[in-house]
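Undergrad: What follows is a single structure, and I will ask about it in a moment.
Every number in this text was worked out from the coordinates using simple rules, so none of it is lab data. Note that this is a predicted model, so its numbers are computed, not measured. So basically every Cβ, Gly included, is an ideal-geometry build from the backbone, and we count neighbours across all protein chains shown.
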């Protein structure tokens with residue numbers, strides 16, 4: 001549960017969402033002191049777990065709360081093709097990385113040979129192209145690892161014999 005040490009207050013009459021890690025938008029209540037629906041983005045750096053959202057009236061100082069469970073959605077990546085030859089390049093697209101972080105593309109494992117690095121967009125997406133170096137044919141794992149989150153995702157890649 002999140003506990004807030006100093007409540008943030010909105011303009012009267014109003015309610016305010018608050019987390020100890022972030023100050024969220026004010027919501028203006030109606031004359032009866034109520035509101036029916038509000039949407040607020042959860043801060044990107046809020047850790048997974050159980051949290052409590054607190055809402056406090058500016059004038060009344062009355063509080064309401066709702067608990068919620070936050071889960072991270074693991075990153076996912078799709079390749080243009082899953083079978084390539086050494087020297088050939090292919091494209092990829094992925095989602096659910098931390099916004100604006102560098103994502104390393106590695107061969108074999110999350111600590112394997114780095115083939116490329118791309119930057120996730122503000123919307124947490126990555127796209128790019130990778131060229132496969134000269135190497136033996138076989139089935140390999142291609143790992144995409146976020147630099148800050150260290151969260152990997154992987155896909156299988158078949159490398160065929162030299163051209």
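Undergrad: Determine the equivalent ellipsoid of the range 64-163 by diagonalising the alpha-carbon gyration tensor, then write out the semi-axes as square roots of 5 times the eigenvalues, largest first, rounded to whole Å.
TA: Square roots of five times the eigenvalues give 30, 12, 11 Å.
Undergrad: Can you tell me the order of 53-63, 26-36 when each peptide is scored by its average per-residue count of other Cβ atoms within 10 angstrom, highest first?
TA: Descending packing order for the listed peptides: 53-63, 26-36.
Undergrad: Quick check: residue separation of residue 111 and residue 134 times 0.36 nm, minus the Cα distance between them. What number comes out in nm?
TA: Going from the current span to full extension adds 6.4 nm.
Undergrad: Which of rounded, prolate, oblate describes the range 28-122, given a ≥ b ≥ c as roots of the alpha-carbon gyration tensor eigenvalues and a/c under 1.5 marking rounded, otherwise prolate only if a/b is larger than b/c?
TA: Here the range 28-122 falls in the prolate category.
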